[in-house]
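Novice: Following this message is one structure expressed as structure tokens.
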Amino acid sequence: MYKEEICKNTKSTKNELCNIHNNIPNDKKIYDLAELFKLFGDSTRIKIIYTIYKRQLCVHDIATVINMTQSSVSHQLKNLKQARLVKSRKEGKEVYYTLDDEHIEKIFKLSLEHIEEV
């Protein structure tokens, strides 16, 4: 049973609060989730994600679109790749980047929809 005293005005029961408490993810999952959101907390990385949201592009093209150096873009792509937010594919000398999977696309799309709400 949940040990803390519940608010007198709440409609929640101690049992409901206990269930919520018991279903909070473990510390490692909470930490990993916080790290994921930190990656989304950088405007350069958001620009990169937006640039490759619908199609794969090489570093040169990404850098051109967001008006940054290839070195800066490569550094951010490395961070995004380590976090499994983007993936790469090599074709000859060029490396093409795209979002890692549909989960990332959904997170990005839902986030855009949220900030565009009126």
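Novice: Quick one: which residues, 5+ away or cross-chain, put their amide H under 5 Å from the amide H of CYS58? H built at 1.01 Å from N.
Specialist: Hits under the 5 Å cutoff: TYR97.
Novice: Next question, about the same structure. Just GLU105, GLU16, GLU35 to compare: in a GNM of the chain, with alpha carbon springs under 10 Å, which one fluctuates most?
Specialist: GLU16
Novice: Using 0.36 nm per residue of separation minus the Cα-Cα distance, give me the extension gain between ASN79 and ILE30 in nm, one decimal.
Specialist: Answer, rounded to one decimal: 15.7 nm.
Novice: Towards the positive end of the charge dipole of the chain, with charges on Cβ (+1 Lys, Arg; -1 Asp, Glu), say which of VAL95, MET68, PRO25 has the farthest Cα.
Specialist: VAL95
Novice: Grab every C-alpha pair in the chain, bin the distances at 10 angstrom width from 0 up to the longest one, and report whole percents.
Specialist: The percentages, shortest bin first, are 12, 34, 23, 15, 10, 6, 1.
Novice: Further question on the same structure: I want to verify a result. In a Gaussian network model of the chain, Cα cutoff 10 Å, which of these has the top mean-square fluctuation: ASN15, ASN26, ASN67?
Specialist: Greatest mean-square fluctuation among the candidates belongs to ASN15.
Novice: I've got another one for you. Would you calculate, for the chain, the mean residue ellipticity at 222 nm contributed by helices, counting each DSSP H stretch of 4 or more residues as -39,500 (n - 2.57) and dividing by all residues, to the nearest 500?
Specialist: -17500 deg cm²/dmol
Novice: Do any of LYS47/LYS109; LYS28/LYS109; LYS54/LYS90 go past 20 Å between their Cα atoms, and which?
Specialist: LYS28/LYS109
Only the coordinates and a few stated rules stand behind these numbers; no lab work does. In this text, all values refer to a predicted model and were calculated from it rather than measured experimentally. All Cβ positions, glycine included, derive from the backbone under ideal geometry; neighbour counts span all protein chains shown.
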